[in-house]
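Each value in this text was obtained by applying a stated rule to the coordinates, not by laboratory testing. Worth saying up front: this structure is predicted, and the values here are computed from it rather than measured. FYI the Cβ positions are ideal-geometry reconstructions off the backbone, even for glycines, and counts take in every protein chain you see.
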Amino acid sequence: MALRVCAPKVAGCVGRCAPPAQQMTQGVALRASARAEYNAPQFMSRRVFVTGLGAVSSIGFGRQAFWESLAAGKSGAAPVEGFETGAIGRSIACEVKGFRARDWMTAAEARRMGRCSQFAVAAARMAVEDAKIAPALLATERTAVVIGTTMGEADVISELESAWIHRGEEAVKSRTLNRYGTTLLPIHVARAFGARGMTQTLPAACAAGNYAIGFAADQIRAGRADIAITGASEIIEKLQFAGFARLGAIAPERCQPFDLNRKGLLVGEGAGMMVIESEEHARSRGARILAEIGGYGLACDAHHITRPHPEGEGSVQAMRRAISSSGLEPADVDFVNAHGTGTDANDKVEALVMHKVFGERAKDVPISSLKSMIGHCMGAASALEAVSCVETIVSGLYPPTIGYETPDPDCVLGLVTATRKGKADVVLNNALAFGGYDAVLLLAREGVLPDTVGRR
């Protein structure tokens with residue numbers, strides 16, 4: 001048997017010349033050491049601020065247009081134009097209409113992207129412009145890009161499917177294949193700004209926006225990035241629209257969250273993006289601070305593929321974690337952006353969760369559902385809602401839940417039915433999703449959160 005010999009190595013190295021058992025033991029130790037270093041807690045006191053916002057939605061493009069429409073109670077519901085709905089039995093959705101990719105990117109950029117990536121890049125450019133940040137500060141290895149979605153480039157899937165099934169594999173064009181992949185969303189955004197830090201796609205269903213923003217904030221707190229472009233993007237495609245319809249989840253005309261006579265959700269689309277920075281980075285460039293990102297809570301119902309847990313166990317856990325990891329108590333929360341889909345089960349469970357978390361105060365905590373206006377934007381839902389939460393903190397305005405007419409005895413809440421002023425120092429953003437995903441993000445006015453914020 002030949003003797004295995006290797007060149008001298010650094011101290012502590014166990015090379016291929018070592019016995020297999022020793023290699024394995026040392027390998028496990030090194031991996032554990034690497035994980036410990038990667039997750040080192042000494043950076044967890046870094047504060048994370050929101051400095052720019054961008055939105056592509058059915059009710060407006062850009063931070064100002066989006067927020068003004070929300071405050072005015074404008075609905076994006078209209079007949080679907082993107083595909084034929086005759087055989088589906090439902091025809092109303094909150095589509096993004098009038099979007100021209102070339103308003104936000106070059107022709108070459110637009111050609112190599114599907115519609116979902118185009119939304120993401122457009123909203124990201126809006127957020128960067130809003131943050132008034134110099135391009136050179138983004139084009140570094142210290143800029144991360146983290147984006148959530150459900151299906152990503154669903155239109156590209158549809159295009160590929162149509163060509164392959166109806167005309168054969170020879171009809172599939174290579175340039176179409178190059179535009180597919182949920183992993184491309186953050187890559188396209190990173191490429192647009194020259195961001196060379198970590199990129200990540202989080203396909204966490206309809207909770208993806210909160211997952212992405214929370215994870216991006218963690219990268220900054222842990223010292224792995226100084227700045228992040230984060231949020232989520234989603235488009236309406238016939239496949240998922242028909243799927244919601246087959247589930248009996250789509251309302252015939254309008255979405256009425258928490259109303260006794262609610263008939264379901266309306267599907268929406270769009271992208272919500274934000275620029276977030278470490279306190280040091282934001283202060284050094286004199287950035288305008290819009291809000292601070294607090295803690296966030298993640299959980300899983302582990303109950304059913306589409307229905308929430310009847311007792312809301314995962315959602316309760318996520319809400320409590322978001323509050324406690326921000327160093328706060330439920331009594332400190334001023335406003336809640338509800339998941340509020342307008343479906344019977346979701347709204348009942350969310351109301352129950354509110355009572356479990358806030359107790360007697362649940363009927364008085366201001367709560368609203370944007371899905372009554374922009375529909376359920378799936379993976380982009382909580383990202384667009386996070387943009388709205390920041391605007392609530394900045395303006396002190398609670399956006400309305402439109403279409404609410406008849407109280408439901410199972411949903412006794414402090415529902416905001418008309419835009420009004422109110423205390424907005426601490427805001428919760430709820431997200432629930434198929435499969436039992438629960439993600440809750442806490443945002444706050446600058447200077448409100450204690451030094452323990454973000455400790456998990």
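Got a sec? How would 372, 75, 388, 382 order by Cβ neighbour count within 10 Å, fewest to most? Write out the running numbers ahead of the final one.
Working: 372 30, 75 18, 388 27, 382 35.
So the residues, fewest neighbours to most, are 75, 388, 372, 382.
Averaging Cα coordinates gives a centre for the range 46-83 and one for the range 244-261; these two points are 21 Å apart.
Decide, for the range 48-444, between rounded, prolate and oblate: order the square roots of the alpha carbon gyration tensor eigenvalues as a ≥ b ≥ c, take rounded if a/c falls under 1.5, and otherwise choose prolate if a/b is larger than b/c, else oblate. Working shown, then result.
On the way: a/c = 1.64, a/b = 1.09, b/c = 1.51.
Oblate.
Over the range 47-107, what relative contact order in percent results from Cα pairs under 8 Å that are six or more residues apart? Averaging sequence separation for qualifying contacts and normalising by length gives 27 percent for the range 47-107.
Rank these for me by crowding, 46, 115, going from fewest to most other beta carbons within 10 Å. If you can, show how the numbers build up before the last one.
On the way: 46 18, 115 23.
In increasing order of surrounding Cβ atoms, one gets 46, 115.
Please order 416, 448, 145 by the number of other Cβ within 10 Å, starting at the fewest. Could you put the intermediate results ahead of the total?
Working: 416 21, 448 18, 145 32.
Neighbour counts put them in this order, fewest first: 448, 416, 145.
When the pairs 132/363; 238/356; 238/263; 74/348; 371/421 are compared against a 31 Å limit on Cα-Cα distance, 132/363; 238/356 fall above it.
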